[in-house]
Amino acid sequence: MKYAIELYFDKETEKKLYHYAKRIAEEKISTKFLEWKTRPHLTLACFQEVDEPLCIERLKVFAQDHQAMPAFLGSVGMFTDTKTIFLSPVMNHSMYRFQRELYESFGDFDAGGFAWYCPDRWTPHCTVALTGEDNDDAFFQASDLLLHEFEKISGVFTEIGLVKITFPVEEIFTIHLS
């Protein structure tokens, strides 16, 4: 089973991010992201297997030692190989340090096959469309919609959580940052 540790936004920012995924669905371009039933997030790390109780305890300690942080989403991006469209956060040293410290806290879990989530290779992103299973035009139509409608978003990263990567995503544990 695959797991992820995700960083979540405040409720108002989450609502703004859902808006873009819903617009893509309303235009009958793609509903795949909404079908996953996941909250808008940044994935901090992925693992093949975890000891869930141990992971939850480590998340509690990590959350106590880390504060909520500003979140700024400033651009539209895409992974052309998977036809994933996302909003990119404006990154700073604190956020990279946050991800590195989290990754180090869970270093004994199997991250094999998830090199793109490792420190120094991490591409932080907030997915709003998954068009890889849709018709060939969906990727371009969704990209075009976002390029025309996207406005920069300011919010706060408020929570961290553990999810099981199933369809739909299973949220196992979430905790507020201090």
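The values are calculated or read from the model by the stated rules, or taken from the named source; none is laboratory data. Quick caveat, the model's predicted, so the values are computed rather than measured. Heads up, the Cβs are rebuilt from the backbone with ideal geometry, glycines too, and the neighbour counts pull from every protein chain shown.
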* **Which listed residue is modelled with pLDDT of 95 or more, farther than 19 Å from Leu147 by Cα and within 15 Å of the chain's Cα centre (by Cα), from Thr38, Thr84** => Thr38
* Residue check, Ser178 of a type in the set (Gly, Ala, Ser) and modelled with pLDDT under 95 -> yes
* For Phe139, which of the numbered conditions (1) assigned to a strand (DSSP E or B); (2) surrounded by 14 or more Cβ atoms within 10 Å (Cβ to Cβ) fails to hold? -> (1)
* To do: Mind listing whichever residues of segment 103-137 are in contact (Cβ under 8 Å) with a residue 24 or more places away in the chain and acidic (Asp, Glu)?
  => Asp110, Glu133, Asp134
* Looking at (1) modelled with pLDDT under 95; (2) under 19 Å from Pro124 (Cα atoms), find the lone condition where Val50 falls short. => (2)
* To do: State all residues of segment 148-159 that are in a helix (DSSP H, G or I) and in contact (Cβ under 8 Å) with a residue 12 or more places away in the chain; if no residue qualifies, say none.
  => Glu149
* Structure fact -> Being of a type in the set (A, V, I, L, M), closer than 16 Å to Glu14 by Cα and either assigned to a loop (DSSP other than H, G, I, E, B) or touching a Lys or Arg at 6+ places or on another chain (Cβ under 7 Å) (or both) narrows Leu73, Leu145 down to just Leu73
